[in-house]
Amino acid sequence: MQGRGGAAFAGTLLGEGEGLGVDWPDRWTKHKWCLLVSVSTVFLYGLGGLVFAVLTWFQTWVYSDVMYVADYDVLVLITTCSCILLLTFLVGITGTILNSRPILAIYALLLWPAFAAILAIGYTSYKRSTFALDRKLNLAWSQWYTSLDRLVIQNSLHCCGFYNPMHEVTPSKTCYVRTSLPGCKAKLLAFERTNLRWVWTVAFSVVPLHVANIFVALCCVNHVTVRFGKGIMPKRYRLQAEDVRRDAGKVKEALGVVSRPRFVRASSSSVFREDKEEMSPLLDDALGTYISVPSGYVIEKRR
């Protein structure tokens with residue numbers, strides 16, 4: 001019986017949404033739902049960027065090592081931006097679930113460096129792919145890439161040298177003077193144009209969604225619950241002792257001086273007793289006789 005009673009009581013509490021301190025969905029405001037959807041989208045494109053960066057770092061897809069060598073700075077920016085986005089998501093989902101406005105304020109603040117990181121990815125990749133990409137690759141191959149970097153690109157793209165097997169080549173088992181492999185410039189240029197175009201397209205496509213998330217955060221942070229603010233009355237509206245005395249003085253002035261009535265007691269003259277004795281027989285004949293007793297005793301009718 002005790003176990004059934006406890007289960008019924010727990011079921012009653014859960015049905016009423018009390019006891020566990022959890023706000024059930026029917027109590028969530030529309031601002032909280034908007035925040036939840038917004039934070040979820042931040043998680044999605046942050047997770048997507050991090051997955052792409054991890055797969056590239058571990059060289060799990062075709063030509064990932066080429067991107068590691070040729071677009072190392074873009075890869076670092078993608079990794080950094082994804083980490084910032086996931087951190088922002090953790091702060092945002094914590095503040096949304098706990099209905100904490102200070103935490104949500106931090107979430108709204110973290111959206112701005114994430115926005116700057118997304119713009120940095122898009123700007124860097126767009127500028128590199130659009131303005132004199134072939135000359136940039138010429139300079140990078142001759143001055144920036146090491147022998148190991150050139151070897152990685154040659155093995156991945158199945159080429160030898162930059163223009164031909166005799167121009168700035170890193171010798172290997174497949175790359176030598178009389179090899180039939182072409183130079184790496186054409187293949188590297190085609191890969192960079194395609195890869196960088198995908199990067200800046202995705203980055204600039206995320207920008208409108210991220211701006212919308214910033215707008216939602218700014219509009220909904222203070223309305224995550226029905227109550228606005230922390231529920232504490234501002235100091236200037238708090239009632240103080242001086243205010244009570246001032247109001248009491250105003251009431252006295254409005255009503256004037258009220259005198260307390262005096263206590264009235266029965267007269268001790270014999271005339272009052274004689275009148276009472278004369279009226280008693282009349283009352284007995286008309287209504288019957290009742291005995292008045294002290295409080296706590298039963299009043300009985302005399303027969």
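Read-outs: derived from the displayed coordinates by stated rules, not from any lab. Predicted, not measured: the structure shown is a model, and the values here were computed from it. Positions of Cβ are backbone-derived with ideal geometry, glycine not excepted, and every protein chain shown enters the neighbour counts.
Quick one: length gained pulling Ile106 to Ser40 fully straight, 0.36 nm per residue minus the C-alpha distance? Write down the numbers at each step before the final one.
Values: separation 66, 0.36 × 66 = 23.76 nm, distance 1.66 nm.
Full extension of this stretch gives 22.1 nm more.
Order of 240-247, 169-176 by packing, highest average Cβ count within 10 Å first? Write out the running numbers ahead of the final one.
Details: 240-247: 9.4, 169-176: 15.4.
Highest-to-lowest ranking by the protection proxy: 169-176, 240-247.
Return the sequence-ordered ³J(HN,Hα) values of the stretch 211-216 in whole Hz as given by the Karplus equation 6.51 cos²θ - 1.76 cosθ + 1.60 applied to θ = phi - 60°, using x for Gly and Pro.
Values per residue, Gly and Pro as x: 4, 5, 5, 5, 5, 5 Hz.
Ranked from highest to lowest mean number of other Cβ atoms within 10 Å per residue, what is the order of the peptides 74-80, 134-140, 55-61?
Numbers: 74-80: 19.3, 134-140: 14.6, 55-61: 12.9.
My ranking of the peptides, most packed first, is 74-80, 134-140, 55-61.
Quick one: what are the phi-derived ³J(HN,Hα) couplings along the stretch 91-98, Karplus 6.51/-1.76/1.60 with θ = phi - 60°, whole Hz, x for glycine and proline?
Using θ = phi - 60°, the values come out as 5, x, 6, 5, x, 5, 5, 8 Hz.
According to the Kirkwood expression over distinct Cα-Cα pairs, how big is the hydrodynamic radius of the stretch 88-136, in Å?
On the way: mean 1/r = 0.0784 Å⁻¹.
For the stretch 88-136, inverting the mean 1/r across all distinct Cα pairs yields 12.8 Å.
Roughly how compact is the stretch 69-109, stated as its Cα Rg over 2.2 N^0.38 Å to two decimals? Don't skip to the end; give the middle numbers.
Values: Rg = 14.0 Å, N = 41, 2.2 N^0.38 = 9.0 Å.
Against the compact-globule rule of thumb, the ratio is 1.55.
Whole percent per 5 Å bin, from 0 to the bin with the longest distance: what is P(r) over all C-alpha pairs of the stretch 31-100?
Calculated P(r), rounded to whole percents: 3, 18, 22, 17, 13, 10, 8, 6, 3, 0.
What's the Cα-based Rg to Rh of the stretch 27-230, Rh via Kirkwood? Let's see the in-between values first.
Working: Rg = 22.2 Å, Rh = 19.0 Å.
Here Rg/Rh amounts to 1.16.
Taking neighbour Cβ counts within 10 Å as the exposure measure, how do Cys160, Cys83 sort from fewest upward?
Values: Cys160 26, Cys83 16.
Ranking Cys160, Cys83 by Cβ neighbours within 10 Å, fewest first, gives Cys83, Cys160.
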